[in-house]
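The values are calculated or read from the model by the stated rules, or taken from the named source; none is laboratory data. Here the structure is a predicted model, which is why all the values come from computation and not from measurement. All Cβ positions, glycine included, derive from the backbone under ideal geometry; neighbour counts span all protein chains shown.
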C-alpha cells in the first residue's frame, strides 16, 4: 500500500522567515481550476481547450502558441462569463490562506505570477493580500471577448522575468526566494528561486524541483519551513 506521504530534507533550523520573497503560479497551484478551460466551457469548447492546456503544462507544445489558440476559442463570448467563472468555479486550493497569511506575518513579499488573466489574478491578489500580481490581459470589445490578449505576454520567460526584476528591485538574493508551480511554464520562474516547490505538479516539474507536494495542501510548505 502506498503511504501517500510528502517528505523532504531541510537544513536544520530553517524557517519561513529565512526567505524574503514567495512567488506563486495561480491556475492549478493557488487555485483548483484552469480558468481558461472554465471560460471555454461557456463557449461549449472546454474539452478541446482543456486538452491543449494539459499538453502545454506537460511541456509538449509551444506555450505562447497554445495560449493564442485557446484564447482565440473564446472569441465573441460575453465578458460576463469571466464573472461567472470567478464567482461559481474559482476555489482556493487547501492551505492557500494559511500559507499567505503566515508568509506575510514572517515578512515575505508575495508575488502571484500567472499565464492566465488579470481579471482573475487582480481579484485573487486583493482577496489574499499579495504584494504583486502579473498576468495576461484579455481584450474586450463591446462587452465580448475579442479572442486575443494585449501587452507583453506572461509566458514562461515572462514569469521568470518578473521574479528576476523583483529580486533586483528589492535586493533579495536568489537563495532567499521560494517559487511554487505545477506546469512546464513555471520552470524558468522556479529556476530564479533558491528553493523551488512542485505543487501537485506535472512530472517534468517534479523532476526539477527541490521539493514536491503531491498530497498535502499549500500549507504543507510550513511543515518544511515553519512560520
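If you go through segment 43-72, how many residues are closer than 23 Å to residue 124 by Cβ and in contact with a strand residue (DSSP E or B) (Cβ under 8 Å, 6 or more places away or on another chain)?
So the answer is 3.
Report, by residue number, each residue of segment 76-93 that is in a loop (DSSP other than H, G, I, E, B) and either over 17 Å from the mean Cα position of the chain (by Cα) or surrounded by 14 or more Cβ atoms within 10 Å (Cβ to Cβ) (or both).
Correct list: 76, 77, 79, 89, 90, 93.
Let's see how each residue does on (1) under 17 Å from the mean Cα position of the chain (by Cα); (2) within 23 Å of residue 74 (Cα to Cα); (3) modelled with pLDDT of 95 or more:
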| position | (1), (2), (3) |
| --- | --- |
| 112 | yes, no, yes |
| 118 | yes, yes, yes |
| 124 | yes, yes, yes |
| 136 | yes, yes, yes |
| 139 | no, yes, yes |
| 149 | no, yes, yes |
| 169 | no, no, yes |
| 172 | no, no, yes |
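Run residue 107 past the list (1) part of a loop (DSSP other than H, G, I, E, B); (2) buried (at least 23 other Cβ atoms within 10 Å of the Cβ) and report the number of the one that doesn't hold.
Answer for residue 107: the failing condition is (2).
Residues are listed down the side, and each one gets a yes or a no for (1) in a loop (DSSP other than H, G, I, E, B); (2) under 18 Å from the mean Cα position of the chain (by Cα); (3) more than 25 Å from residue 188 (Cα to Cα):
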site	(1), (2), (3)
12	yes, no, yes
22	no, yes, no
29	yes, yes, no
39	no, yes, yes
43	yes, no, yes
53	no, yes, no
74	yes, no, yes
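How do the pairs read when you match residues in segment 11-30 that are over 16 Å from residue 101 (Cα atoms) with residues anywhere that are at pLDDT below 95 and crowded, with 16+ Cβ neighbours inside 10 Å, using Cβ under 6 Å and keeping only pairs 6 or more apart or on different chains?
Final answer for the pair search is 14/225.
Any idea which of (1) in a helix (DSSP H, G or I); (2) touching a residue at least 12 places away in the same chain (Cβ under 8 Å); (3) closer than 19 Å to residue 209 by Cα is the one residue 166 doesn't satisfy?
(3)
Would you pick out the residues in segment 113-146 that are part of a strand (DSSP E or B), free of Cβ contacts under 8 Å to residues at least 60 places away in the same chain, in contact with a strand residue (DSSP E or B) (Cβ under 7 Å, 6 or more places away or on another chain) and surrounded by fewer than 20 Cβ atoms within 10 Å (Cβ to Cβ)?
132, 137, 139 - these are the residues of segment 113-146 that are part of a strand (DSSP E or B), free of Cβ contacts under 8 Å to residues at least 60 places away in the same chain, in contact with a strand residue (DSSP E or B) (Cβ under 7 Å, 6 or more places away or on another chain) and surrounded by fewer than 20 Cβ atoms within 10 Å (Cβ to Cβ).
Restricting segment 94-104 to residues that are surrounded by 17 or more Cβ atoms within 10 Å (Cβ to Cβ) and in a helix (DSSP H, G or I), which is nearest to the chain's Cα centre (by Cα)?
96
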